[in-house]
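The values are calculated or read from the model by the stated rules, or taken from the named source; none is laboratory data. Please read all numbers here as calculations on a predicted model, not as lab measurements. Cβ placement follows ideal geometry from the backbone for every residue including glycine, while neighbour counts extend to all protein chains displayed. The accessibility values were calculated without ligands, DNA or RNA, using every heavy atom of the protein model including side chains. Shrake-Rupley method; radii C 1.70, N 1.55, O 1.52, S 1.80 Å.
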Amino acid sequence: MNAPFAKVYVIDAKGHLLGRLASVVAKLILNGQKVVVVRCEEMNVSGSFFRNKIKLHNYLRKRCISNPKRGPFHFRAPSRIFYRALRGMVPHKTARGEAALGRLKVFEGVPPPYDKMKRMVIPRALRVINLKPGRKFTTLSRMATEVGWKYQDVVADLEKKRKVRAQAFYERKKAIANIRAKAVVAKETELASIKSQLVEHGH
């Protein structure tokens with residue numbers, strides 16, 4: 001992804017394919033870019049729910065027989081499932097890889113202050129672009145809930161409240177823009193003489 005450097009990229013993960021988004025984000029953080037991924041629970045995985053559920057349960061069986069506390073650790077939250085997929089694309093045991101993962105933040109929902117920041121999408125990772133119409137896919141939140149994630153309702157409730165606040169902010173912003181546009185039109189005749197003087201002076 002040839003993207004200009006920014007202070008931080010806030011990526012809205014809704015409707016993105018997990019693996020494709022992970023590969024793009026891995027490249028960004030390895031290049032020194034700070035990235036925040038929000039709404040991880042709305043991410044998609046190609047393939048039917050039943051197929052993905054079997055694959056996930058197969059992964060959950062993998063453990064250290066003598067002492068399971070040693071790992072591997074099976075994360076249940078959608079954000080941590082995405083994090084672990086991405087970690088496999090980064091040399092996380094080296095100093096460079098560790099520093100890269102330090103530049104990444106992953107969240108369910110859109111917590112403050114990212115709810116007031118401009119969010120972006122990655123077209124090359126979107127499901128509607130990459131997955132053929134009619135193909136089966138599943139949502140990460142459904143898979144996570146199946147294996148023990150308990151906060152689906154909490155996140156959904158918080159997201160509902162955030163969307164209400166966002167709608168109110170947008171309506172207010174639109175009303176202010178309309179008032180400003182009307183004020184500019186109303187004062188157009190009064191400012192005509194001043195504008196002509198400015199043009200004479202080369203402004």
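Quick rundown of the values:
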| read-out | value |
| --- | --- |
| Net charge contributed by nearby residues that have their C-beta within less than 10 Å of T138 (K/R +1, D/E -1) | +3 |
| With every protein chain in place, the chain: carbon and sulfur % of accessible area (1.4 Å) | 57 |
| Net +/- balance of residues flanking R87 in space, Cβ distance below 12 Å, scoring K and R +1, D and E -1 | +2 |
| Point-charge dipole on Cβ atoms (K/R +1, D/E -1) for the stretch 74-158, about Cα centre, debye to 20 | 460 |
| T189 versus D157: modelled label distance in nm, points set 7 Å from Cα along the beta carbon direction | 5.8 |
| Evaluated over the chain, the Cα radius of gyration and Dmax, each in Å | 23.4, 87 |
| Between helix 49-60 and the chain: long-axis angle, C-alpha atoms, 0 to 90°, nearest 10 | 60 |
| Two-site label geometry, E171 and A95: point separation in nm, points 7 Å out along Cα→Cβ | 5.5 |
| Members of K14/K173; K62/K93; K53/K150; K55/K161 lying beyond 23 Å, as alpha-carbon distances in this model show | K14/K173; K55/K161 |
| Options V35, L60, F5, ranked by Cα towards positive dipole end of the stretch 1-100, top entry (Cβ charges) | L60 |
| Residue-normalised accessible area of the chain, expressed per residue, 1.4 Å probe, Å² | 68 |
| With Cα atoms, 0 to 90° folded angle of helix 152-186 axis to the chain main axis | 10 |
| Total formal charge among the other residues, if their Cβ is under 15 angstrom from that of K150, Lys/Arg +1 and Asp/Glu -1 | -2 |
| Among G71, G97, G15, residue whose mean-square fluctuation peaks in a GNM of the chain (springs only between Cα atoms under 10 Å) | G71 |
